[in-house]
Amino acid sequence: MGGYGSTRWGWHSKATTVEECRSIEVARWVREDIIAPDTRRLGCWAWMNSYTGERTASLGYEVDTRGRPPWVRLFYTVTPWGGEPVDYDYKIQLVTTRPNFGGQRWWFVCPLLGCGRRVLKVYLPPSGRYYGCRQCYRLTYESSQESHKYDSLFRGMGYDSEVARLLLKRYR
């Protein structure tokens, strides 16, 4: 009892985290005036390596908020590992709400089949082909997969748990 292979620990893989995915945040696109009321925009969005400055991925977009319903059209190419490039071109519906304090808040409607959730971010996992919400892809956060076994040690030293996690990450 309790010998090698007697547990199920090796039988599952780690869940994909949001930090591993490409993401598009509606609030950022609003700040950068890509999404605005009664407008039409066309452009390119790129992800850069923060160390080298090299472009790691990009996508083309078209935003039209003049019609009903407003939408964002994404077009990009995905090249699977060892496969041929595949082009994607589809629309994500936009909706708005009116917060109690005034103004207008924009949301994506998850385009994945049968979902329709109103979300602030859509994600493209490394193995994904379409952008979708965190729930549809069953994404988790990196911090939720970390061990907290040293938290009490750092708390005793006067650090809060977030500082403790940063210190552990740095010295591992």
Would you say residue 19 is out of contact with any Lys or Arg (no Cβ under 8 Å at 6 or more places or on another chain), under 22 Å from residue 134 (Cβ atoms), surrounded by fewer than 16 Cβ atoms within 10 Å (Cβ to Cβ) and touching a residue at least 12 places away in the same chain (Cβ under 8 Å)? yes
Let me confirm something: among 92, 34, which residue is assigned by TED's automatic domain parsing to the domain that holds residue 134, in a strand (DSSP E or B), out of contact with any helix residue (DSSP H, G or I) (no Cβ under 7 Å at 6 or more places or on another chain) and not small (Gly, Ala, Ser)? 92
Looking at region 56-91, which of its residues are in contact with a strand residue (DSSP E or B) (Cβ under 6 Å, 6 or more places away or on another chain), exposed (fewer than 10 other Cβ atoms within 10 Å of the Cβ) and modelled with pLDDT under 90? 85
Looking at region 92-103, can you tell me whether even one residue there is modelled with pLDDT of 95 or more, touching a strand residue (DSSP E or B) at 6+ places or on another chain (Cβ under 7 Å) and of a type outside the set (Val, Ile, Thr)? yes
Residue pairs meeting the criteria (Cβ under 6 Å; at least 6 apart or on separate chains; first closer than 19 Å to residue 36 by Cβ and outside the structural domain of residue 28 (by TED's automatic domain parsing), in region 96-114; second modelled with pLDDT under 95 and of a type in the set (Phe, Trp, Tyr)): none
Step by step: first the residues of region 97-129, then only those that are hydroxyl-bearing (Ser, Thr, Tyr) and exposed (fewer than 13 other Cβ atoms within 10 Å of the Cβ), then the one that is farthest from residue 71 (Cα to Cα). Which residue is that? 127
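The values are calculated or read from the model by the stated rules, or taken from the named source; none is laboratory data. Keep in mind that what you see is a predicted model, and the values were worked out from it rather than measured. Cβ: placed from backbone, ideal geometry, glycine included. Neighbour counts: every protein chain shown.
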